[in-house]
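Asks: Got a structure for you, questions after.
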């Protein structure tokens, strides 16, 4: 997934792929210009939701969060709504749609995917 997203975003954004939420938190500490997070909740689901909750409830971070998942069901949509997720994409997603959505959400330079 990281390779696909990097290929999709590399033309317009600096994309920082990470493999887990701990690496994502580290990158967020050292890179101060992250404008958007893309979180694939299919891997490390519990940790991903805890990470999302931390980002969305912390006053330190004010950035859009995009969720990727294969779980297309009302429960996931409700959980995303409750977590104030800015956008959800169900795999397989259309790269053109995700690029358009990201462009609408940010004007920044860097995208981090956890």
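Asks: Give me the percent of DSSP beta bridges within the chain that run antiparallel, rounded to the nearest 5.
Replies: Percentage antiparallel, nearest 5: 0.
Asks: Taking every eigenvalue of the Cα gyration tensor of the stretch 1-46, multiplying by 5 and rooting it, what semi-axes result, largest first, whole Å?
Replies: Square roots of five times the eigenvalues give 17, 15, 8 Å.
Asks: Taking a ≥ b ≥ c as the square roots of the eigenvalues of the Cα gyration tensor of the chain, is the shape rounded (a/c under 1.5), prolate (a/b larger than b/c) or oblate?
Replies: Rounded, since a/c falls under 1.5.
The numbers here are math on the coordinates, done by the rules we state, and not lab data. Please read these numbers as outputs of a predicted model, since none were measured by experiment.
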